[in-house]
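Visitor: I am attaching a structure below and will ask some questions about it afterwards.
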């Protein structure tokens, strides 16, 4: 069942973010990421419409006229230190709101064990839901959010539960 792997996958995701921030990206991972970015460029020019869209995006973002012509060279020049610096500046896992959907009785205990932050549960109407999870046999849909206290104070995250149908 996919729900049984949710917490494990989230834990791995958080480890990957931490590795990026610390510069623990292997040369093979960096090369794969660069190759992936470079391989996307030809698809931007597969038709006249897509070509026009690519140049419109470049223009709207005030990118240089040779943006696409020099893209591969610029991507290839990115170093592990630059990846780590960008990750430290832009990735803040302690401030992230993470939404998880699935059966709460299976997922919530595993997420709590990760100790990533507060878990807030909500019902389908957006009202706070109290624990314990619904009884076995209830078709529960869980939306769990883990985030910083600031996000919770703003009410930006929550959980939705769907009862039996």
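Visitor: Looking only at helices (runs of 4 or more DSSP H) that fall completely inside the range 1-78, which ones have 3 or more residues that are at pLDDT 95 or above and outside the structural domain of residue 100 (by TED's automatic domain parsing)?
Guide: By residue number, 27-40, 48-60, 71-76.
Visitor: In the set 93, 135, which member is touching a helix residue (DSSP H, G or I) at 6+ places or on another chain (Cβ under 7 Å) and either modelled with pLDDT under 75 or within 30 Å of residue 35 (Cβ to Cβ) (or both)?
Guide: Every option except 93 fails the conditions.
Visitor: So which residues in the range 80-111 are free of Cβ contacts under 8 Å to residues at least 40 places away in the same chain and part of a loop (DSSP other than H, G, I, E, B), if there are any at all?
Guide: Matches in the range 80-111: 92 only.
The values are calculated or read from the model by the stated rules, or taken from the named source; none is laboratory data. Since we're looking at a predicted model, the values are computed, not measured. We place every Cβ from the backbone using ideal geometry, glycine too, and count neighbours over all the protein chains shown.
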